[in-house]
Number of protein chains: 2
Amino acid sequence: MRRRSVPIRDWGERGLIGWLRRQRQRVPFSPAYRLLKGIGDDAAIIAGRGSGKLLVSCDALVEGVHFDRQRASGADVGWKAGAVNISDIAAMGGRPLYLLVSVALPAGIERAWAQGFFRGLLAAARRYGAAVIGGDTVASPGPVFVDVAVIGECARPVMRDGARAGDALFVTGTLGDSAAGLISLQRRSGVRALERHHLRPQPQVEIGHLLAAKGIPTAMLDMSDGLSRDIRNLCDASRCGAQIQAGAIPISRSVRRFCARAGLDPLTLALHGGEDYRLLFAVSPRKVAVVTELEHCQRIGTLIEKGYYVQSEAGIEPFGEGAWSHFAAE
Amino acid sequence: MRRRSVPIRDWGERGLIGWLRRQRQRVPFSPAYRLLKGIGDDAAIIAGRGSGKLLVSCDALVEGVHFDRQRASGADVGWKAGAVNISDIAAMGGRPLYLLVSVALPAGIERAWAQGFFRGLLAAARRYGAAVIGGDTVASPGPVFVDVAVIGECARPVMRDGARAGDALFVTGTLGDSAAGLISLQRRSGVRALERHHLRPQPQVEIGHLLAAKGIPTAMLDMSDGLSRDIRNLCDASRCGAQIQAGAIPISRSVRRFCARAGLDPLTLALHGGEDYRLLFAVSPRKVAVVTELEHCQRIGTLIEKGYYVQSEAGIEPFGEGAWSHFAAE
């Protein structure tokens, strides 16, 4: 019998990760650095010194997929590579400490681009109190490829899987700004403030750390895929569903203004846009009052037993995923 | 004044790393995880729990630069990505614990290739007592990119910079096997045993750990660039030179036999070949006797004040670098 040939786009990232998680591994025995949580959250958790657990994660950016050298400078790409990784630490309620960076560069790329890249990365590290402590630079026969690994620490990391039906659902800021910024870049609309949201995301380390230190969230993640998909990521891990209020989703005035001019629906951008790097978190009913007093935290809905619904003036309807799949054929 | 445009191949990896090291960074304040050694060795060192320091490093492999899908299977590439990173931990005398992997795959690549890749990576991790605890899978519009970050632990890490003139220089095994294997693959000579050295390198974790635990090496590294370059890497860090004996360089019978048939010079392969992943280490004169008794450790020369010389039947002559530069134009 011949083996069926399956290109990876038909298998998908979820298929691959699911398969990978099913592979049996023996976890190494290290009395000092025991693994507390492996694959499946924003970062892995390793027991460490005193109450300070270690958080580790990595995220890659590829030219032509995640950025475009016509639209993003070296410094933009460096900042973003640092920021999206630091955001994974923020998602656990931790503080970033150290970054490692591997970068594959075409031999003909300008030195200025490479210097800009590292300056941007170092700027993101500095902004969030981290340092670049190692890396690898190699040649690329094709596009620029960047991978950053981050090490952070946290006394009380928050995972994705602790929420339950009845918990309130919050976000830590406006949504859709990054998607609007990307469209502005693509159409050369020149709305710099929005473009900056896309090119220079601001991971929410301070608020994430504050929430985790107070033991508030039952589950938390950083929003990279878009609200409709990120809610599923949190709910899949916590085995529940969600109902959100369309009117409660925070959308900035600049996004509304841009959408009005560009003939776009702001709610669609906020729901499916992605790359906002706000935190999405769940809170048990008895702690909701505490959160409502915190700046930037906006309640957008409630976790329910099953299914995904959005309530608007038109009534209650299920919502789908408008998210981006890495290996999708489209 | 116009800025001069400099493509990165004219700047080189050393130029880039030198520039990067000169960028000022504020090292984060973490009482639990203080940085002991940043950029510049095989791995960065972080103070940790009890006597167990943390070692962290990353290394990338790019299709068309570091491997070729015609010659290397997915499992070969996965093994090698894990092994070269584990080797960086071996170079410090540590034990690997955890791996993170980012991989960029073309959408049309076979699922079997991707599964093979992860199986190879997991096999390398398992062989050396480590586990894969996280990663990122993304699409690539071009070649396959792989980056692995490794976390290890070590009570007494050995750096590159502790050697001095008068120390003896040792390697932990034969050299040139990987280079001969690569030539066999390129010429389709089919010498599987040598090809395996190239495709499935074996990091020397056990011997590295033993040497470090006994406090034997004054400096150590893993040999990826070829002896002539790796000696310089060690000597540059330790501010000394080296004189080696051509006749003392360990070369396997299979390399000699292959070279005789293929019309190649075995010493050239051993000196400049690269990717053997043996350990190169220096030992102070009073500890030389201990090492000579250890299996696989072969003395190849002595560190001197300055310069690089090889002694053979023809006399003493300086030796150059035959190593591979990542951004070289050739």
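Quick notes on this one:
Conditions (1) under 28 Å from residue A:104 (Cα atoms); (2) facing another protein chain (nearest Cβ under 7 Å); (3) crowded, with 17+ Cβ neighbours inside 10 Å; (4) touching a strand residue (DSSP E or B) at 6+ places or on another chain (Cβ under 9 Å), marked per residue:
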site	(1), (2), (3), (4)
A:8	yes, yes, yes, yes
A:28	no, yes, yes, yes
A:34	no, no, no, yes
A:71	yes, no, no, no
A:78	yes, no, yes, yes
A:83	yes, no, yes, no
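- Check on residue B:47, more than 7 Å from chain A (Cβ to nearest Cβ) and either of a type in the set (Ser, Thr, Tyr) or within 18 Å of the chain's Cα centre (by Cα) (or both): no
- Qualifying residue in region A:127-144 (condition: part of a loop (DSSP other than H, G, I, E, B) and either more than 8 Å from chain B (Cβ to nearest Cβ) or within 16 Å of the chain's Cα centre (by Cα) (or both)): yes
- Pairs with Cβ under 7 Å, 6+ apart, first in region B:91-120 and at the interface with chain A (Cβ under 7 Å from one of its Cβ atoms) and surrounded by 24 or more Cβ atoms within 10 Å (Cβ to Cβ), second polar (S, T, N, Q) and outside any strand (DSSP E or B): B:97/A:30; B:104/B:140; B:105/B:140
- When residue B:124 is tested against (1) of a type outside the set (D, E, K, R); (2) closer than 17 Å to residue A:13 by Cα; (3) crowded, with 24+ Cβ neighbours inside 10 Å, only condition (2) is not met.
- All positions within region B:298-320 that are among the charged types (D, E, K, R), under 19 Å from residue B:250 (Cα atoms) and touching a strand residue (DSSP E or B) at 6+ places or on another chain (Cβ under 7 Å): B:299
- Some residue of region B:10-21 being assigned to a loop (DSSP other than H, G, I, E, B), acidic (Asp, Glu) and more than 7 Å from every other protein chain (Cβ to nearest Cβ): no
- Taken over region B:156-170, the residue count meeting the criterion of being surrounded by fewer than 23 Cβ atoms within 10 Å (Cβ to Cβ) and either touching a Pro at 6+ places or on another chain (Cβ under 9 Å) or over 27 Å from residue B:47 (Cβ atoms) (or both) is 4.
- Residue A:180 fulfils the conditions (1) away from every other protein chain (no Cβ under 14 Å); (2) surrounded by fewer than 24 Cβ atoms within 10 Å (Cβ to Cβ); (3) under 21 Å from the mean Cα position of the chain (by Cα); (4) small (Gly, Ala, Ser) except for a single criterion, (2).
- When residue B:282 is tested against (1) on the phi > 0 side of the Ramachandran plot; (2) crowded, with 22+ Cβ neighbours inside 10 Å, exactly one condition is not met: (1).
- Counting only strands (runs of 3 or more DSSP E) that sit completely within region A:27-82, those holding 1 or more residues that are closer than 26 Å to residue A:142 by Cα correspond to A:53-62.
- Strands (runs of 3 or more DSSP E) fully within region A:269-323 that include at least 3 residues being touching a Leu at 6+ places or on another chain (Cβ under 8 Å): A:279-283, A:298-304.
- Filtering B:87, B:57 for residues that are at the interface with chain A (Cβ under 8 Å from one of its Cβ atoms) and either under 15 Å from residue A:32 (Cβ atoms) or buried (at least 24 other Cβ atoms within 10 Å of the Cβ) (or both) leaves a single hit, B:57.
Every read-out reported here was derived from the displayed coordinates using simple, explicitly stated rules and does not represent laboratory data. Everything numeric here is computed off the predicted structure, so don't read it as measured data. Here Cβ is always computed from backbone atoms with ideal geometry, including for glycine, and neighbour counts include all displayed protein chains.
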